[in-house]
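The next block holds one structure in the form of structure tokens; read it before the comments.
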Amino acid sequence: MRLDWFPLWLSLEVATAATLISLALGLWIAWLLANRDFAGKSAVDVISTLPLALPPTVLGYYLLVVIGRSSWIGRVWEAVAGSPLVFTWRAAVIASTLHAIPLLIKSSRAALESVDIACERAARSLGASEWRLFWRVSLPLARRPIAAATVLAFARSLGDFGATLMIAGDIPGRTQTAAIAIYDAVESGNTMTARVLVIVISILTASIVLLANRLEKRRCGY
């Protein structure tokens, strides 16, 4: 029986897109939470953490409400793109992003808060703007834990199931990711497909975790 590799390739593409989006948004939110005091900061912190605690089906339901065809976002998207946003690979990217971004925000915030304040004060005293300070001082000093968090966010995106199933569906050749394909294979008794995909995903995840562990190791130099 010929094995369909589409779910694996789709999962890799979705995880890559979700990780890039999570990195861009997550770093910005993490920097705000680490360096700024503003009204509603606690609310932002809670909301950014909720996807870690909520059941995937609850998260998927919220996404259906927000980007479904009956929502204003869904209607605007359909009017511009000519097709619904839900039950597409783009919906899978949104689900995976929401699944991965809390991890990246939490880890990046901790990394940015651990940066030596003296280094940042010295940069400000030399006239560095906040933008230059972030890119030239804060980010380089926190790059290793942030890189490790990014790798783990990719792994988390790769394995999303519940939220993706609810808003992207299970359409073979279109929205069926590896996690969903494994579930379908087990339900239909296709043990060969299930085993192969499970082994491949396990090897990929183990490699990602190993890479994250290496990135988290601190180099000591004198």
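May I ask which residue of 131, 205, 157 lies farthest towards the positive end of the charge dipole of the chain, with charges of +1 (Lys, Arg) and -1 (Asp, Glu) on Cβ and the Cα centre as origin? Of 131, 205, 157, it is 131.
Our estimate of slack between residue 190 and residue 83, defined as 0.36 nm per intervening residue step minus the Cα-Cα distance, is 35.2 nm. Could you please state, rounded to a whole Å, how far the C-alpha centre of region 188-206 is from the C-alpha centre of region 129-150? First find each Cα centre; the distance between them is then 37 Å.
For region 104-168, the fraction of C-alpha pairs farther apart than 19 angstrom is 47 percent. In the chain, helices alone account for a calculated mean residue ellipticity at 222 nm of -24000 deg cm²/dmol, with every DSSP H run of four or more residues adding -39,500 (n - 2.57). Each Lys and Arg adds +1 at its Cβ and each Asp and Glu adds -1 at its Cβ; summed about the Cα centre, region 110-217 shows a dipole of about 520 debye. Taking the number of Cβ atoms within 10 Å of each Cβ as an exposure proxy, the fewest-first ranking of 113, 120 is 113, 120. The order of the peptides 97-104, 20-27, 53-60, 65-72 by mean Cβ neighbours within 10 Å, most packed first, is 97-104, 20-27, 53-60, 65-72. Note the listed values [x] 17.9, 55; [y] 19.9, 67; [z] 25.3, 80, then indicate which one is Rg and Dmax of the Cα atoms in Å calculated from this particular structure. Matching entry in [x] 17.9, 55; [y] 19.9, 67; [z] 25.3, 80: [y].
Taken together, the values in this text are just the output of simple stated rules run on the coordinates, not laboratory data. Keep in mind that what you see is a predicted model, and the values were worked out from it rather than measured. Using ideal geometry, Cβ is built from the backbone for each residue, glycine included, and neighbour counts are taken over all protein chains shown.
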